[in-house]
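The structure appears below as structure tokens.
The values are calculated or read from the model by the stated rules, or taken from the named source; none is laboratory data. It should be emphasised that the depicted structure is a prediction, and the values quoted were computed from it without experimental measurement. Methodologically, a virtual Cβ is constructed for each residue, glycine included, from the backbone with ideal geometry; neighbour enumeration extends over all protein chains shown.
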Amino acid sequence: MALLEVDDLVVQYYTDDGVVRAVDGISYEIRAGETVGLVGESGAGKSAASRAVLRLLDGAGEIVGGEIRFRGRDILELSVDDLRAIRGDEIAMVFQDAGAVFNPVYTVGEQIAETIRTHKDVTDSEARDRTIALIDRVGIPNPAARYADYPHELSGGMQQRAVIAMALACDPAVLICDEPTTGLDVTVQAGILELLAELAATSETAIQLVTHDLGVVAELCDRVLVQYAGEIVERAPVDDLYYDPKHPYTVGLLAATPQLGDDRERLPTIPGTAPDLIDPPTGCRFHPRCPYAEDCCASRRPSLVDPVSGRPDNGDPETHVAACLEYTGDLEAGLDYEVQVRDAADSDCRERKQQGEPR
Amino acid sequence: MTDRQPTTDRGRIRIVGFDDAAEQKRDSDASSDTADAAGTTADPSIASRGATGIDPTTASTSASAFAQPGRRLENAWRRFRRNRSAMTGLAVIIVMAVLAVLARPITVSTAEVTITLQPFSLAPDDPTAMFVGPPNAPPSLAHPFGTDWAGRDQFSRVLVGGRYTLSIGLVAVALALCVGVPLGAIAGYFGGWIDEAIMRVVDVLYAFPFLVLAIAIVPILEPVPILGSGYWTVVVALAVTGWVGYARLIRGEVLSVREREYVTAARALGVPDRTIIQRHVVPNAIAPVVVQATLNVGTVVLTAAALGFLGLGLEPGSAEWGAMLAQGRSSLLRGDWHMTVFPGLAIFLFVLAINLVGDGINDALEPDRDGRDDRRRMR
């Protein structure tokens, strides 16, 4: 049994313009100790899906369907007290905007200690010692002095580290990181990623990493889920996703990743913009933007299938599945792209080509 | 279908073909019928709307409004100290408070012993002692503020009267805060029917003019045994009418604070609602309430004086400034100006000082907020 199982989760937001189905029937599971990436562009419903796990949707958002099972217990059925016991203690969350996560009127240390005191039966000095150890563990120098600092006295990178320390306060089984490196500059990002990678390697904590940065995913994750317009369109072990992407959206994302030493004049983009989730496109949600779309894409909704056999998703999280009609044999022209792998040393290209007739 | 094998090669990945295909699609879209393309051209506006509706993590940057929140109190005090009119007001209040405390000795008596807490006696006479001088005498060296109809020394009465007036203002406002802040914070934080219930009560109380409500409440409270008539009746009446303003003010602030990321973060860490309200929500929402409360001390003192003037509240003949004004009313007709001028001046001076301090606190806590707006809203 997986640690965290999300089954057919549906999240809706009620806006003045209509009902936004931000998450539309996604399913995934996270096993103990592994790191799973959830990627997609802004508005794909990544954050909504992650917050739903802790029932943290605010105001207009509501979980309307599905199940979220943690250690076999359905989180959506838990009482308020049971849920509070899980939050922070078993499942913790690292938020995106570290500067806003800390209450400006208390010191960082107090706020981390508060979490420990909430869940563990400790004295104030024990909580303090533990907090200082945590601050030290996330790589902030001079932890005892930083304990008494106010949030604004830390740099952005240190704030993000402190947020991670707060999330780790009770040794959670699952850590949900909601875009932990967005808004930090690259060197600081690298430090945070190193910290997360070390956590993933040394502790039993499973990490769900929500991001739009494919580079971050490549560095950290064991498996990747690609979310588009509220649905998961591809799920793969991390290497397969990069070296052998199956869904045209994933291909577009990879193509749009800027690279050093690229000789192309323009950065390739996926045409169009993310769809309106109040009235999502019919059929395959990616078809209005998909360069390979055919008539059937607008009418038939693809489900996650094994791209090789064309058989439906068998539920094994290690298998590579993608939701594209190509793999059920419905596209006539096929997908026409190739993945070139270049050696870092020279630019010797080894090419492999996706099968399918060129247009 | 496809016969590709996952690669074991490492190195740079580059996707070829997607862009060309996308380019081709763009061309074919452009050339195709515009009616067909209508679905896609409408996208950008819709997409941005969809995006704002979905992504709650775009956290409010307004949190940065508190530039240096950690040392907020120190900074506020430094700003306050630079404000001359506010410091003048504070000095006036301190002097008046000291004078009121030192006016007569304060003693605590039990059956056997009498402990003197404060031995000083600035007031020359006992404020209740009659005929220490001739009745209705104008100001003189012996009686700087003159005497009233019963020959009581006005100067002593004004000094001692400060005890009532100042403490009524402070205690009534403190009591009102104790009721209004928790209720308003709970209403704002939980919302829903709790909010509705509390705020409808507030609306009902708001429908009455402040003074009229206080006048209506005093006779209701007077039969309550522990309150009796007098000081505590006035205080409770003013607190009952005063809390609604604070509740409404803090509810509005809480509505915005509870959307902040640190509140969500605290919830995500399993901190109970009570702790979140006490530690995270109220401290960040309290600033305008502090300003309002300070300014309100003046209003409350005026209302207490008005109640005293109308003969409600403190028993007649007590040295409360409003009650003294009321008694001086008849002597005004005879031309004895000193009986009303001095208590009136005292009230004026205190309210003015409180307002200066309130504005100073406002400027110190929230330099970019206009305190006058708030006050207008409260009236």
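Among the residues of segment A:172-191, just one is away from every other protein chain (no Cβ under 13 Å) and charged (D, E, K, R), namely A:Asp185. Name the pairs: first residue in segment A:153-164 and more than 13 Å from chain B (Cβ to nearest Cβ), second residue at pLDDT 90 or above and assigned to a helix (DSSP H, G or I), Cβ to Cβ under 9 Å, at least 6 apart or on different chains? That search, which allows pairs on different chains as well, returns A:Met158/A:Val108; A:Met158/A:Arg146; A:Arg161/A:Ile135. Contact map, segment A:34-56: residues that are on the phi < 0 side of the Ramachandran plot paired with residues that are assigned to a helix (DSSP H, G or I) and basic (Lys, Arg), Cβ distance under 9 Å, separation 6+ or inter-chain. Pairs shown: A:Leu38/A:Lys46; A:Val39/A:Lys46; A:Leu54/B:Arg267; A:Leu56/B:Arg267. Output yes when any residue across segment A:75-91 is within 19 Å of the chain's Cα centre (by Cα) and of a type in the set (Gly, Ala, Ser), and no when none is. Checked against the condition, which is being within 19 Å of the chain's Cα centre (by Cα) and of a type in the set (Gly, Ala, Ser), segment A:75-91 yields at least one hit. Across segment A:120-133, not a single residue is classified as in contact (Cβ under 8 Å) with a residue 60 or more places away in the chain, assigned to a helix (DSSP H, G or I) and either out of contact with any Gly (no Cβ under 6 Å at 6 or more places or on another chain) or closer than 27 Å to A:Gly230 by Cβ (or both). In this structure, does A:Thr273 turn out to be free of Cβ contacts under 8 Å to residues at least 40 places away in the same chain, hydroxyl-bearing (Ser, Thr, Tyr), under 29 Å from A:Tyr13 (Cα atoms) and facing chain B (nearest Cβ under 8 Å)? Spelling it out, A:Thr273 is indeed free of Cβ contacts under 8 Å to residues at least 40 places away in the same chain, hydroxyl-bearing (Ser, Thr, Tyr), under 29 Å from A:Tyr13 (Cα atoms) and facing chain B (nearest Cβ under 8 Å). Could you go through segment B:247-262 and let me know if any residue there is surrounded by fewer than 23 Cβ atoms within 10 Å (Cβ to Cβ), within 14 Å of chain A (Cβ to nearest Cβ) and of a type in the set (Lys, Arg). Yes. Sub-9 Å Cβ pairs linking a first residue in segment B:313-330 that is under 13 Å from B:Arg152 (Cβ atoms) to a second residue that is outside any loop (DSSP other than H, G, I, E, B) and among the charged types (D, E, K, R), at least 6 apart or interchain, are B:Ala319/B:Arg157; B:Ala319/B:Arg163; B:Met324/B:Arg157, ordered by first then second residue.
Meeting the requirement of 3 or more residues that are within 12 Å of the chain's Cα centre (by Cα) and crowded, with 20+ Cβ neighbours inside 10 Å, the helices (runs of 4 or more DSSP H) wholly within segment A:164-253 are A:214-220. The residue that is nearest to A:Ser47 (Cα to Cα), counting only those in segment B:271-283 that are surrounded by 23 or more Cβ atoms within 10 Å (Cβ to Cβ) and at the interface with another protein chain (Cβ under 7 Å from one of its Cβ atoms), is B:Val271. Of all residues in segment A:284-299, those that are at the interface with another protein chain (Cβ under 9 Å from one of its Cβ atoms) have Cβ atoms under 7 Å from Cβ atoms of residues that are in a helix (DSSP H, G or I) and aliphatic (A, V, I, L, M), 6 or more apart or on another chain, in A:Pro291/B:Ala21; A:Pro291/B:Ala22; A:Tyr292/B:Ala21. Annotation: B:Thr88 fulfils all but one of (1) in a helix (DSSP H, G or I); (2) polar (S, T, N, Q); (3) touching a strand residue (DSSP E or B) at 6+ places or on another chain (Cβ under 9 Å); the unmet one is (3).
Taken over segment A:230-249, the criterion of being more than 9 Å from every other protein chain (Cβ to nearest Cβ) and farther than 17 Å from A:Val308 by Cα is satisfied by A:Glu231, A:Ile232, A:Val238, A:Tyr249. Only one residue in B:Gly228, B:Gly192 is modelled with pLDDT of 85 or more and out of contact with any Pro (no Cβ under 6 Å at 6 or more places or on another chain). Which one? Among B:Gly228, B:Gly192, only B:Gly192 is modelled with pLDDT of 85 or more and out of contact with any Pro (no Cβ under 6 Å at 6 or more places or on another chain). State yes or no: is A:Arg84 touching a residue at least 12 places away in the same chain (Cβ under 8 Å) and among the basic types (Lys, Arg)? No.
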